[in-house]
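Below is one structure, written out as structure tokens, with a few remarks after it.
The values are calculated or read from the model by the stated rules, or taken from the named source; none is laboratory data. Not measured: the values here are computed from a predicted model. FYI the Cβ positions are ideal-geometry reconstructions off the backbone, even for glycines, and counts take in every protein chain you see. For the accessible areas, the whole protein counts, side chains as well, though only heavy atoms, and no ligand, DNA or RNA atoms are used. Shrake-Rupley method; radii C 1.70, N 1.55, O 1.52, S 1.80 Å.
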Amino acid sequence: DNALARLNLLQMESQKRSVGGYDYYIAVPEGEPPAYGWSVVVGFHGMGGQGRDMMNIAENFTNAGAVFVAPTFGGYEPYPGDGPISAMSQILTDVTAVYPVQPRAVLLGFSQGGSFAFRFSVYHPEQVYGVVTAGAPEYDQIVPFPSGMLYVFTWGELDGLQDDVIPYHVKPLQDGGYNIVTYIIPGYGHEITPFAIEQTLNMIR
């Protein structure tokens, strides 16, 4: 088991790239890409995490014919503020230059990574097709006019964050024109649920 774990780690490290001072992991589907290019899914870790944390869900997406990208942004500092928005834009530009992929990505963000996924999509809608979040603790009340893209915000029933986030963060955004749907997943806590993964897969299909 230890040997297998080391092999997996070596394979993961071989898929690590660096852009703009940040590392990101990437997993690519087997076989030839379709004529229109592979879809791209970006997985954002939670506060204080790293891209490696998200690689355990990568196969869900590579098996469905999508490139999976997992950047390491730590605490998303400076926060409050833009954080690594510019770096994320550079990462997507890098992926597009190196791999035959579609120009807009689907974002899947866990916890604070979900808050960042929403923030990034507002500043760079030209690079984002849609956003799914799992257990996000807050959403910026950002001024730019909504682009019309779909947002799927999810929480586990046992998480509890949704009790404040939906009325105080999500509802004002919906009232402002953002295309947001929310789901509470029974029996789950603060985690990426299979439902959130399925919603992400729906966006790339």
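What the table shows:
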| item | result |
| --- | --- |
| Listed residue (Val67, Pro146, Met54) projecting farthest to the positive dipole end of the chain, Cβ model | Val67 |
| Additional length obtainable on full extension of the chain from Ala35 to Met47, 0.36 nm per residue less Cα span | 0.6 nm |
| Heavy-atom accessible surface of the chain: percent carbon and sulfur, 1.4 Å | 52 percent |
| Candidate residues Met88, Met203: accessible-area rank, largest first, probe 1.4 Å | Met203, Met88 |
| Gained length - Ala64 relative to Val181, 0.36 nm times residue gap less alpha-carbon distance | 39.8 nm |
| 222 nm mean residue ellipticity, helices alone, for the chain (DSSP H n ≥ 4; -39,500 (n - 2.57); rounded to 500) | -9000 deg cm²/dmol |
| Pairwise label distance in nanometres, Val98 with Glu157, each label 7 Å out on the Cα-Cβ vector | 4.2 nm |
| From phi via Karplus (6.51, -1.76, 1.60), per-residue ³J(HN,Hα) for region 36-42 in Hz, x at Gly/Pro | 8, x, 5, 5, 10, 10, 10 |
| Cα long-axis angle, helix 194-204 against the chain (0 to 90 degrees, to the nearest 10) | 80 degrees |
| Structure-derived Cα Rg over 2.2 N^0.38 Å: which label, when the choices are (i) 1.07; (ii) 1.17; (iii) 0.98 | (iii) |
| Accessible surface, per residue, of region 36-91 when the full set of protein chains is kept, probe 1.4 Å, Å² | 37 Å² |
| Shape call, region 128-205: gyration tensor on alpha carbons, a/c limit 1.5 | oblate |
